[in-house]
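Peer 1: Here you go, one structure.
The values are calculated or read from the model by the stated rules, or taken from the named source; none is laboratory data. These figures come from a predicted structure and were not determined experimentally. Reconstructed Cβ throughout: ideal geometry from the backbone, glycine too, with neighbour counts over all protein chains shown. Just the protein is used for accessible areas: all its heavy atoms, side chains included, with ligands, DNA and RNA removed. Shrake-Rupley method; radii C 1.70, N 1.55, O 1.52, S 1.80 Å.
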Amino acid sequence: MLRGISMLVSVCIAVLFCLFVFYFVPLITSSGGGWADNSSDAEDRRYHVLVVGKQGNESVLRQIFEGAQEEAGRYDCVVELRTPRSLADDKGMQSLLDYASFTEPDGIIALMDESDAAVQAPQDSEGRNIPLVTLAQYNPSVPQVSYIGTNYSELGTLIATESISCLGGAGSIIVINTSNSNNPSYSTLMGSLTNTLSGSSGIRAEVLDLPSQEAISSSGGRLRKAIASGEVDLIVCLSPEVTIRTAQLVASLGRSGAVRIIGLGENDVADMYLKKGTVTELLSIDSRRTGKTAMTELFEYIRYGYANNYITTDVKVRRSGE
């Protein structure tokens, strides 16, 4: 009798062990091994897309990346984000594109700025151009299959109307121009901006042409004198880099809040100055939506050999204190 009970207990233990091995262990592994599951899915996907951008744009790139990831499943694609590890590692956009050539993705989404006018096309090992979609800054010399950014004429008008509204229709404005190229898009923006400002009788506007971004902080410069003397009420900056340098100058002269700043573009440091109130407004594209649009255009080209060359996106306005 006891022997029969012992055998029954042994059988039950064996059955429970088998259930544990074949059912519970796989269940625990899959619930706790999400990273392994995701990497397995990535390996099985057909396409690989790389999102690249330079140091200082991490939050923007993260939003672009997340927007691209939302569309990844539709295209059987894995999306990878690549930025420099540190400021010391930041060797420019060409280095990032060279890295892309080495890894040979099926497509690249690149966040550009005004200094990226002379980059060369990323190529695979057989010398074929890797499809490139550029965002934010349009450079006609860049070998892109599609550009996603803003309508420069509308953007110029928007910057002007925001400036007029910020001053309540009366005051002095300095628009900083550091562009030394013949970029037609930039000319369109400046033309629209200055024309709209000139139509407001209470606004006194001056375009300050500077040879470089570094000239903003010149100790004997026109901008420094205008800020220190209270001659200017609002400074308009047309790139993230100019926005940051102007905010630094205004803060160093103790004029934060007294001299307002409207900046253009997204950048982690510019965002910091917006939160502090040194920058009054930042105008930028909707990065998450742009990432999704970039994926659509990239796969139009990959699958069919064509894409929309130029796509405009909405501009979002962020104000200090909101």
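Peer 1: Please report, in cubic angstrom per residue, the volume enclosed by the convex hull of the alpha-carbon atoms of segment 138-187.
Peer 2: Numbers: hull volume 4.2 nm³, N = 50.
Once divided by residue count, the hull of segment 138-187 is 85 Å³.
Peer 1: Continuing with this model, one more query. With a 1.4 Å probe and every protein chain left in place, work out the accessible area per residue of segment 79-175 in Å², rounded to a whole number. It would help to have the intermediate numbers written out before the result.
Peer 2: Details: 4040 Å² over 97 residues.
With all protein chains present, segment 79-175 gives 42 Å² per residue.
Peer 1: Carbon and sulfur: what percent of segment 91-242's accessible surface (1.4 Å probe)?
Peer 2: Working: 2970 of 6360 Å².
The computed percentage sits at 47.
Peer 1: On to the next question. Can you list residues whose amide H is under 5 Å from residue 123's amide H, if they're 5+ apart or on another chain and H is modeled 1.01 Å from N?
Peer 2: 101, 130
Peer 1: Pick out, in residue order, every one of the GluC sites (Glu not before Pro) in segment 102-200 that is DSSP loop and has at most 16 other C-beta atoms within 10 Å; say none if there are none. Each step should come with its number before you reach the end.
Peer 2: On the way: sites: 114, 126, 154, 162; in loops: 114, 126.
Qualifying residues, ordered by number: 126.
Peer 1: If the cut-off is a Cα-Cα distance under 16 Å, which lysines reach residue 54, setting aside same-chain residues fewer than 8 apart in sequence?
Peer 2: Candidates past the 8-residue exclusion: 91.
Peer 1: Counting only residues 5 or more places away or on other chains, whose amide H sits under 5 Å from the amide H of residue 207 once H atoms are built in the peptide plane?
Peer 2: Those lying under 5 Å, H to H, from residue 207 are 175.
Peer 1: May I pose another question? Quick check: from the Cα gyration tensor, does segment 157-263 come out rounded (a/c under 1.5), prolate or oblate?
Peer 2: On the way: a/c = 1.85, a/b = 1.11, b/c = 1.67.
Verdict is oblate for segment 157-263.
Peer 1: About the Cα centre of segment 101-166, what is the dipole size in debye to 20, counting +1 per Lys and Arg Cβ and -1 per Asp and Glu Cβ, all else neutral? Kindly include the intermediate steps, with their values, before the conclusion.
Peer 2: Values: 1 positive and 9 negative charges, 24 e Å.
Using Cβ point charges on Lys, Arg, Asp and Glu, segment 101-166 gives about 120 debye.
Peer 1: Report the residues of segment 42-83 in range of a label on residue 268: point 7 Å along Cα→C-beta, backbone N strictly under 16 Å from it.
Peer 2: 52-66, 81-83, by backbone N distance to the label point.
Peer 1: Something else about it: What is the extension gain from residue 74 to residue 141, computed as 0.36 nm multiplied by their sequence separation minus the C-alpha to C-alpha distance, in nm to one decimal? Intermediate values should be presented prior to the final figure.
Peer 2: Working: separation 67, 0.36 × 67 = 24.12 nm, distance 3.12 nm.
Taking 0.36 nm per residue and subtracting the Cα distance, the gain is 21.0 nm.
Peer 1: Shape of segment 76-210 from its Cα gyration tensor (a ≥ b ≥ c, root eigenvalues): rounded if a/c is under 1.5, otherwise prolate when a/b > b/c, or oblate? List each step's numbers first, then the result.
Peer 2: On the way: a/c = 2.76, a/b = 2.59, b/c = 1.07.
Here segment 76-210 falls in the prolate category.
Peer 1: Hey, another quick one. With the cut-off at 1.5 for a/c, could you classify segment 154-219 from its C-alpha gyration tensor as rounded, prolate or oblate? List each step's numbers first, then the result.
Peer 2: Numbers: a/c = 2.55, a/b = 1.34, b/c = 1.90.
Since a/c reaches 1.5 but b/c is at least a/b, the shape of segment 154-219 is classed as oblate.
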